[in-house]
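Here's the structure, in structure tokens; my notes come after.
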Amino acid sequence: MALKCLIPAAGKGTRMRPLSHSLPKAMLPVAGKPTVFHIIDKVARAGVKDFVIITGYLRELMEAEILAAYPHLHISFVPQIEQKGLGHAMLLARDHFADDDTLLVVYGDTLFEANLTAIMKSTRAMIGVFEVEDPRRFGIIELDSKGDTIVNFIEKPDKPVTNLAMPGVNYFPKAGDLFRALEKVVSDNIESKGEYQATDAYQIMLRDFKLPMGYFLIDAWDDAGTLEAMLETNRQILEREGGAILTTEIEGSEIIEPVYIAQGVVIRNSKVGPDVSIAPGCTLENVEITNSIIDIETHLKNVRTHGSLIGRYSDIFQVEGRLIIGDHCLIDGKNG
């Protein structure tokens, strides 16, 4: 028996374009590092050392960067070549798990706060939930009269019976139970909107296998599913965790926290923050920037901007205004 984590992260992130044209969705940066790195760090701190990650779009880039960042962990990758839904993606990893492995599943775009160590001591399956204002937009759970056991899963209900939405952080004391249910979803061709869904497998575990399923409250759930949500999530994480200033190469500049500024970033004669994340290899000269994310190896000079998302390996000069650009861009406002 082993403790493992499965992270389905094969999504293309079409709503995240232009940033996702050249990066997988799970590799887009928030608060100083790619989304999937936040997940790996959080799960590893809870004691998990063995990860299986489902990759798809631009998987070679994603796999290489994850392995370089986490040489101390055991990480395996499973490609999802054909997109057939989350349930299908998870089933592809079947051969990496023994039936009696304990399994934590975290969806690759789910940024969250929770006491994973306590949750993984449970003897029954535990579904992570978060209280939302409008449950009609989400999959939710229905509870028994005592309020501690799940009796039903409901997808985007017209008349919600709870406000407990499922972000995608779930624990299974026996991996075999989950994979048997996923196999049934596929073999019985149980589809939702043309795809095999993980929620249908959870329903099978509950109703067909008669397995008791509890729930736990997620303390914070940050959405990074749209460009606007990325900026809001960046702000929330920086304010909650305090950010960091790792570089020593700051000259003649004002830094307004919270910010995340990576080691080796060069900042000269600039005003940076609040709510700004700057990745390694960037330089800023005569820049004023707030509420923005800048990815690796990007250079800004004579720029005034707010609410910007700027990709990798770009050069931005003489610009005032909001920027939403992908990788390898050159913008020179002085030269039109």
**Asked** Does residue 236 fit the bill of being outside the structural domain of residue 35 (by TED's automatic domain parsing) and surrounded by fewer than 22 Cβ atoms within 10 Å (Cβ to Cβ)?
**Response** yes
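So, in segment 250-265, exactly how many residues are surrounded by 15 or more Cβ atoms within 10 Å (Cβ to Cβ) and not in a loop (DSSP other than H, G, I, E, B)?
Total meeting the criteria: 5.
Residues are listed down the side, and each one gets a yes or a no for (1) hydrophobic (A, V, I, L, M, F, W, C); (2) buried (at least 18 other Cβ atoms within 10 Å of the Cβ); (3) touching a residue at least 60 places away in the same chain (Cβ under 8 Å):
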site	(1), (2), (3)
168	no, yes, yes
171	no, yes, yes
174	no, yes, yes
210	no, no, no
219	no, no, yes
**Residues located in segment 131-157, provided they are more than 23 Å from residue 85 (Cβ to Cβ) and among the charged types (D, E, K, R)** = 131, 133, 134, 144, 146, 148
**Complete:** Only unsatisfied item for residue 284, checking (1) modelled with pLDDT of 95 or more; (2) in a loop (DSSP other than H, G, I, E, B); (3) more than 30 Å from residue 114 (Cβ to Cβ), is (2)
**Tabulated pairs, segment 313-332, first over 16 Å from residue 285 (Cα atoms) and surrounded by 16 or more Cβ atoms within 10 Å (Cβ to Cβ), second modelled with pLDDT of 90 or more and small (Gly, Ala, Ser), C-beta under 6 angstrom, 6+ apart or interchain** = 323/308; 325/311; 326/311; 327/311; 329/314
**Request:** Mind listing just one residue for me: the one in segment 312-336 that is assigned to a strand (DSSP E or B) and out of contact with any helix residue (DSSP H, G or I) (no Cβ under 9 Å at 6 or more places or on another chain) and, of those, modelled with the lowest pLDDT?
**Result:** 332
**Item:** Yes/no for residue 248 being in contact (Cβ under 8 Å) with a residue 12 or more places away in the chain and within 30 Å of residue 288 (Cβ to Cβ)
**Value:** no
**Of the criteria (1) touching a Lys or Arg at 6+ places or on another chain (Cβ under 8 Å); (2) surrounded by fewer than 19 Cβ atoms within 10 Å (Cβ to Cβ), which one residue 182 fails** = (2)
**Item:** Qualifying positions in segment 287-311 - surrounded by fewer than 21 Cβ atoms within 10 Å (Cβ to Cβ) and part of a loop (DSSP other than H, G, I, E, B)
**Value:** 291, 296, 297, 307
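The values are calculated or read from the model by the stated rules, or taken from the named source; none is laboratory data. Because the structure is a prediction, the values reported are computed rather than measured. Heads up, the Cβs are rebuilt from the backbone with ideal geometry, glycines too, and the neighbour counts pull from every protein chain shown.
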